[in-house]
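Engineer: Dumping the structure here so I can ask a few things about it.
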Amino acid sequence: MKKRIACLIILFASAVFVLTGCTKVDISIGIDESFTAYVSYRIEMDVGVVDTRYQSILENALHKLAWHYQEELGFSVLLELDSDPCVLTMTRRVTNSSFEQAFASLEGMLTNEAMTPFMMVDMAAQASERQNRYSVVAMADIAHILRLSNAEELPPALFEEFAEAVGAGSGSITLTLPASEVVKSSHDVSLRSNQAKMSAPLSFSEQTNIEFAALINMLRDGEPGGSLEEILRGQYDMRSMAVFISGAVLLVLLVALVIRIARRR
């Protein structure tokens, strides 16, 4: 908890110096098609009207945050200070050979207090021969983390600017996971090519709760398939094609036999 709070305080302390701008934090978590588990942060800060007195302080704070995530936590980091808004992107990826391994890797990152954005995480998975069921429940509470910080010890003028910057903050939490069928979701989900994507707005003043449950139907080769209806339809189409091909082969053989008999006569 202390490591996580320390890192987030560095981020939000930077917002103190964004006098009339705003901060946007987009968090992406999930497992991609190749079973790579990942956690990614994209932080935008509007620095167009930052007082020149605070430019170096802001840059130093962002550099410290980037260095910590890169050197201490193994994230890939990209810091764009010359753009407006300036952008800090930090991503950690873990490769795996199966969904079960990927799910465990993702759970490990999301429950690691040094890097997780969540105050609470509950993940469960159940595997059978031809189907995987899983659920993800998590809660982020930026307001609570800020209350645990020492921001109130700032000079009144800076604390007021800090509060305004936080109040203007926005962002999202996007969860992407392999799925054949969605069982339950707290927010709207798009399901394409056996990948489910759910996005929830990130609140800077209240708790942000996400919940997602799904199942993955496995094909005979071990690859994720679509819904049971789609799999059954595919099997029916394959059987129909097999019958058609078998009939065509028999017809060709019959024609060849007739021709052979006719030639002998």
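Engineer: Check Asp84 against each of (1) surrounded by fewer than 19 Cβ atoms within 10 Å (Cβ to Cβ); (2) under 14 Å from the mean Cα position of the chain (by Cα); (3) touching a residue at least 24 places away in the same chain (Cβ under 8 Å) and name the one condition it does not meet.
Structural biologist: Unmet for Asp84, out of (1) surrounded by fewer than 19 Cβ atoms within 10 Å (Cβ to Cβ); (2) under 14 Å from the mean Cα position of the chain (by Cα); (3) touching a residue at least 24 places away in the same chain (Cβ under 8 Å): (2).
Engineer: Could I ask something else about it? Of all residues in the range 73-107, which are assigned to a helix (DSSP H, G or I) and touching a Cys at 6+ places or on another chain (Cβ under 9 Å)?
Structural biologist: Selection gives nothing.
Engineer: Find the residue count for the range 90-106, including only residues that are surrounded by 18 or more Cβ atoms within 10 Å (Cβ to Cβ) and closer than 18 Å to Tyr41 by Cα.
Structural biologist: 5
Engineer: Does the range 109-119 include one or more residues that are under 17 Å from Ala37 (Cα atoms), part of a helix (DSSP H, G or I) and either in the same structural domain as Gly169 (by TED's automatic domain parsing) or touching a Ser or Thr at 6+ places or on another chain (Cβ under 8 Å) (or both)?
Structural biologist: yes
Engineer: Can you pull out the residues in the range 172-188 that are under 19 Å from Leu110 (Cβ atoms) and without any contact (Cβ under 8 Å) to a residue 60 or more places away in the chain?
Structural biologist: Ala179, Lys184, Ser185, Ser186, His187
Engineer: Kindly provide the set of residues from the range 189-208 that are under 21 Å from Glu107 (Cα atoms) and surrounded by fewer than 17 Cβ atoms within 10 Å (Cβ to Cβ), ordered by number.
Structural biologist: From the range 189-208, those under 21 Å from Glu107 (Cα atoms) are 189, 194-200, 202, 207-208; that's our starting set.
Once the filter is applied, which keeps residues that are under 21 Å from Glu107 (Cα atoms) and surrounded by fewer than 17 Cβ atoms within 10 Å (Cβ to Cβ), the range 189-208 yields Gln195, Lys197, Gln207.
Engineer: I would also like to ask the following. Select from the range 58-88 the residues that are of a type in the set (S, T, N, Q) and modelled with pLDDT of 80 or more and write down the one among them that is farthest from Val39 (Cα to Cα).
Structural biologist: In this case the residue turns out to be Gln70.
The values are calculated or read from the model by the stated rules, or taken from the named source; none is laboratory data. Remember, predicted model here, so these are calculated numbers, not experimental data. Virtual Cβ from ideal backbone geometry, glycine too; neighbours counted across all protein chains shown.
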